[in-house]
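Data block below; observations after.
The values are calculated or read from the model by the stated rules, or taken from the named source; none is laboratory data. Bear in mind that the values here come from a model prediction, so they are computed numbers and not experimental data. Using ideal geometry, Cβ is built from the backbone for each residue, glycine included, and neighbour counts are taken over all protein chains shown. All accessible areas refer to the heavy atoms of the entire protein, side chains included, with ligands and DNA or RNA removed. Shrake-Rupley method; radii C 1.70, N 1.55, O 1.52, S 1.80 Å.
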Amino acid sequence: MQLMQPSGVRAELAAGTAELTAAGIASARAEAELLLAHVLGCSRTRLLLGDHVGPAEAGRFHQLLNRRATGVPLQHLTGTAPFRHLELAVGPGVFIPRPETELLVELAAPWLVAGATVVDLGAGSGAIALSVAQEFPVARVIAVERSERALQWLRRNAGNRQAAGDSAVEVVPGDLTDPALLTGLSGGVAAVLANPPYVPESIRAGLPAELAHDPDEALFAGPDGLALMPAVAELAARLLRPGGFLGIEHDETQAQAVSRLLSGAGCWVSVAGRPDLTGRPRFSTAVRA
Ligand code: GLN
């Protein structure tokens, strides 16, 4: 027997896909499904089994499609972004977590053992920190964030996850260039993870429209995007215990520069560039000597 979609859902998805395709959106069908599922309050797979779409729901769906077509990110329309096993609340004022960052958590896994303290620098919505807390509940997790607006999202996500039974994440408002940041932890941290801003200012004009919805301060770091890397490396060197792990995300063009920075500092061993799932060198890792 063939599984039939109710005509309302099928027609709405066809119209939605056409609208998003016309707006130049690459995964138009998938995004239309996610938006309609959001409006109907069901999962994407449940769409197939759903009822017809009422006029109010159709109206709401088309409103969201119009906003998506003008470049509002899908995640701001649904209010959530998936990251590893989490659904994080996101919206204006916080960086939308990207799937490639998920790998950073895995790279750190051997260090995330009982008694380990882990610091996420520039935590944004909390994607890395909250994933560590969920998947490695024996670790103590600290999330550092500077932006007041991002901190609101971070606290909300941390509260949601704790209420759902995950181990707590300590949220620390702070700037990673501040020499007094987390001084009580100096020399005692097992792993420092960071997805700092690294987009070069010089490529701003050529970036996709969606990026305008991420906070500038989460994206850009000087003309070459590397402005914050020395501060990340210095802070990590101060925080980590000997044998502790540093994992940094960066652009694929920055792997050499970051590895040179770490190798030149004299306090790191096992400096390595790590590929993402498509083989691009998107992470650098090092161990505190
Ligand atoms: N990966 C992001 C992007 O290209 C940038 C993330 C960052 O600067 N930390 O949109």
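For segment 64-79, putting each phi into the Karplus relation 6.51 cos²θ - 1.76 cosθ + 1.60 with θ = phi - 60° gives couplings of 5, 4, 4, 5, 4, 5, 8, x, 5, x, 3, 5, 6, 7, 8, x Hz, in residue order, rounded to whole numbers and with x for Gly and Pro.
On a per residue basis, the chain carries 45 Å² of accessible surface, using protein heavy atoms and a 1.4 Å probe. Taking the DSSP bridge list for the chain and keeping only pairs wholly inside it, about 45 percent are antiparallel. Taking Cβ atoms as reference points and 13 Å as the exclusive limit, the residues near Val172 contribute a net charge of -2, counting Lys and Arg as +1 and Asp and Glu as -1.
Using only DSSP helix segments of four residues or longer, with each worth -39500 (n - 2.57), what per-residue ellipticity at 222 nm results for the chain after dividing by its residue count and rounding to 500? Display every interim value, and only then the final one.
Working: 10 runs with 107 residues, N = 289.
Mean residue ellipticity, 222 nm, calculated: -11000 deg cm²/dmol.
Here the accessible area of the chain is 55 percent carbon and sulfur, with a 1.4 angstrom probe and all protein chains present.
Give me the net charge of Gln75's neighbourhood, meaning all other residues with Cβ under 14 Å from the Cβ of Gln75; Lys, Arg count +1, Asp, Glu -1. Intermediate values should be presented prior to the final figure.
Values: positive: Arg67, Arg68, Arg98; negative: Glu31, Glu87, Glu210, Asp214.
Every neighbour counted, the sum reads -1.
Phi-derived couplings, Karplus 6.51 cos²θ - 1.76 cosθ + 1.60 at θ = phi - 60°, listed residue by residue for segment 217-222: 6, 8, 9, 9, 8, x Hz, with x used for Gly and Pro.
Between 0 and 90 degrees, the angle of helix 7-22 with respect to the longest Cα principal axis of the chain falls at about 60 degrees.
Taking Cα pairs under 8 Å and at least six residues apart, what relative contact order does the chain come out at, in percent?
14
Taking the chain as the reference, fit the longest principal axis to its C-alpha atoms, fit the long axis of helix 229-239 to the helix C-alpha atoms, and give the angle between the two in degrees, 0 to 90, nearest 10. Once rounded, one gets 60 degrees. Measuring nothing but how far apart in sequence close Cα pairs (under 8 Å, 6+ apart) lie, relative to its length, segment 103-228 scores a relative contact order of 26 percent.
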